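The values are calculated or read from the model by the stated rules, or taken from the named source; none is laboratory data. Worth saying up front: this structure is predicted, and the values here are computed from it rather than measured. We place every Cβ from the backbone using ideal geometry, glycine too, and count neighbours over all the protein chains shown.
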């Protein structure tokens, strides 16, 4: 983004850390849905969320 045309709020949204965190959350929610369908173990979906607390994006 061109700094002079971007607001701080928009710049924060497009920072790599924010994008990676959002991508992770989408994938983790998809894993939750797959766990409800029985495709992946529910414990695996829960472990993904538990390990994300310590993750750095």
- Across (1) outside any helix (DSSP H, G or I); (2) in contact with a helix residue (DSSP H, G or I) (Cβ under 6 Å, 6 or more places away or on another chain), residue 54 clears everything bar (2)
- Using beta carbons and a limit of 7 Å, which pairs, at least six apart or on different chains, have the first residue in the stretch 36-51 and over 17 Å from residue 25 (Cβ atoms) and the second one surrounded by 13 or more Cβ atoms within 10 Å (Cβ to Cβ) and modelled with pLDDT of 95 or more? 41/35; 42/35
- Would a scan of the stretch 14-26 turn up a residue that is more than 15 Å from the chain's Cα centre (by Cα) and surrounded by 11 or more Cβ atoms within 10 Å (Cβ to Cβ)? no
- Would you confirm whether any residue within the stretch 9-25 is at pLDDT 95 or above, part of a helix (DSSP H, G or I) and in contact with a helix residue (DSSP H, G or I) (Cβ under 8 Å, 6 or more places away or on another chain)? yes
